[in-house]
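Report on one structure; see the data block that follows.
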Amino acid sequence: MKHAFTTKVYYSDTDAYGVVWHGSYLRWLEMGRVMLCEDAGYKLSQLEENDIVLPVAEINIKYKNSAKLEDAIVIETEVVDQGRFYITFQQTIKNEKLNKTYIEALVKVVAIHKDGKLYRSLPEQVIKIVQ
């Protein structure tokens, strides 16, 4: 499954020099994963009601270029791996018009109960998201 959405860089996303602050990329990555789940028919609030939470367990980001104020950006999210306990997303943030990639990321999430205990295997609802 793959998802993409477009937004632009706002002043609140940048530092004093008009360059995107590194933490802003994390927010966009989260938005991409949430939207992918919603496209699959699962809101995170619904999963939580069923005692399923999907926290980030591991993240690897390669910063390639700096996005700047008012750039139009595309956030692409795709499931690339599924293990017994985890799902790995590949995510890319790039300029909408130019052939310029800002970051590439691999994000691994796990399924836990609301009390913090790891599921012994991914719940069926989570597996349906990646299929």
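The figures follow:
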{"item": "Members of segment 98-122 that are surrounded by 16 or more Cβ atoms within 10 Å (Cβ to Cβ), over 17 Å from TYR25 (Cβ atoms) and either polar (S, T, N, Q) or out of contact with any Pro (no Cβ under 9 Å at 6 or more places or on another chain) (or both)", "result": "TYR119, LEU122"}
{"item": "Subset tally (residues that are part of a helix (DSSP H, G or I) and either within 14 Å of the chain's Cα centre (by Cα) or not polar (S, T, N, Q) (or both)) for segment 4-27", "result": "8"}
{"item": "Hits in segment 77-131 (condition: under 13 Å from the mean Cα position of the chain (by Cα), more than 18 Å from LYS43 (Cβ to Cβ) and not hydrophobic (A, V, I, L, M, F, W, C))", "result": "GLU78, THR88, GLN90, GLN91, THR92, GLU104, LYS108"}
{"item": "Residue in segment 24-54 that is surrounded by the fewest Cβ atoms within 10 Å (Cβ to Cβ), counting only those that are modelled with pLDDT of 95 or more and among the small types (Gly, Ala, Ser)", "result": "SER24"}
{"item": "Restricting segment 56-67 to residues that are touching a Phe, Trp or Tyr at 6+ places or on another chain (Cβ under 9 Å) and part of a strand (DSSP E or B), the residue that is nearest to ASP15 (Cα to Cα)", "result": "TYR63"}
{"item": "Residues located in segment 58-76, provided they are within 15 Å of the chain's Cα centre (by Cα) and over 25 Å from GLU124 (Cβ atoms)", "result": "ILE59, ASN60, ILE61, LYS62, ILE73, VAL74, ILE75, GLU76"}
{"item": "Some residue of segment 29-39 being in contact (Cβ under 8 Å) with a residue 40 or more places away in the chain and more than 11 Å from the chain's Cα centre (by Cα)", "result": "no"}
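The values are calculated or read from the model by the stated rules, or taken from the named source; none is laboratory data. A quick note: this is a predicted structure, and the numbers were derived from the prediction, not measured. Using ideal geometry, Cβ is built from the backbone for each residue, glycine included, and neighbour counts are taken over all protein chains shown.
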